Amino acid sequence: MTIPSGRTVLITGGVSGLGLAMATAFAANGAQLYVGGHISDSEAADILDQLRTAGAAACTFDNADLRDATAARAMADKAEQMMGSVDILINNAGIQHVASVEDFPPEKWQDILDVNLSAPFHLTAAVLPGMKARDFGRIVNISSAHGVVASVKKAAYVAAKHGLVGLTKTIALEVSAQNITCNAICPGFVLTPLVDQQVRTHAEKTGLPYDEAGAAMVSEKHPSGQFMTPEQIADMALFLARDEARNITGSSFSLDGGWTAQ
């Protein structure tokens, strides 16, 4: 699955887990990458080397604080200036906090809404003029199964991810006359390094083999009994970025092993 080489991709949260898998997939297609994240300069240098080796035509790192609206818009502006364009925007950065509604710290509520919902709004607003001028743009918002259904003690995350699905639809309608699309991917449990560690911890606590511990965890939500992989999500993002996907817009795609079909 390929996209035209030379496209510029701005991806937030692109330095680990799902975000890094998507950045690597676009790198393998010869894209120019402008990658956001919160890591040290030395770690960022290693990630950029990894992406160049994967095939990126060029790549740059940005540690913008996406809780800040001005910083988010400045990130998009810098990407345009340094890379020449932003053809594909992937709003992937996300944070989480678990607590009941009455115990939820107000500052955590605000941080989660700022990063998971407001930052995609600000980044999209900043890149749309350039996309319209070039008559091409692909916006992919990484929502969640929690953008479709809810779980207890995740009020801010669920609210933000539901909001991101709604934002996706509104953006799609507003740019429907141009060659610009906006879609959301709603993953279930993805076997990232963080989740892998959770499986290993569960295996240690229960005495189960790793595979059985993982199956026990994922089967609580996924009827398939299988985790999604970062590469599967990356393939979907690549598909939505293709020229052939120009008439797919305003849609949300559940990649969740059947979780939200229940």
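Each reported figure results from applying straightforward, stated rules to the coordinates on display, with no laboratory input. Note that the structure is a prediction, hence the values are computed from the model and not measured. Neighbour counts run over all protein chains shown; Cβ positions are idealised from the backbone, glycine included.
For this structure, a couple of remarks:
- The relative contact order of region 99-208, computed from alpha carbon pairs under 8 Å that lie at least 6 residues apart in sequence, is 31 percent.
- Under a Gaussian network description of the chain, with springs only between Cα atoms under 10 Å, the residue in His162, His97, His146 that fluctuates furthest is His97.
- Computed from Cα positions, the angle between helix 193-206 and the longest principal axis of the chain comes to roughly 0 degrees.
- For the chain, adding -39500 (n - 2.57) for each run of n ≥ 4 DSSP H residues and dividing by the number of residues yields -14500 deg cm²/dmol at 222 nm.
- Neighbour counting of Cβ atoms within 10 Å sorts the residues Met22, Met83, fewest neighbours leading, into Met83, Met22.
- Exposure proxy ranking, count of Cβ atoms within 10 Å, fewest first, for Ser176, Ser42, Ser16: Ser42, Ser176, Ser16
- Choice from Glu102, Glu220, Glu80 showing the highest fluctuation, given a GNM over the chain with Cα pairs closer than 10 Å: Glu102
- Entry note, the chain: relative contact order of 20 percent, from Cα contacts under 8 Å with a spacing of 6+ residues.
- Residues whose placed amide H lies under 5 Å from that of Ser254, excluding near-sequence neighbours: Cys186
- For log10 I(q)/I(0) by the Debye sum over Cα atoms at q = 0.07, 0.09, 0.11, 0.14 Å⁻¹, calculated from these coordinates, the label among [x] -0.31, -0.49, -0.68, -0.96; [y] -0.23, -0.39, -0.58, -0.96; [z] -0.28, -0.45, -0.65, -0.98: [y]
- Listed residues Ala119, Ala159, Ala237, most fluctuating in the chain (Gaussian network, C-alpha, under 10 Å): Ala159
- Whole-number percent relative contact order across region 128-181, with pairs defined as alpha carbons under 8 Å at least 6 apart: 47 percent
- The residue list Ala56, Leu20, Ser5 was ranked by how far each Cα lies along the charge dipole of the chain toward its positive end, using unit charges on Cβ atoms, and Ser5 comes out on top.
- Between 0 and 90°, nearest 10: helix 41-54 axis offset from the chain longest Cα axis: 80 degrees
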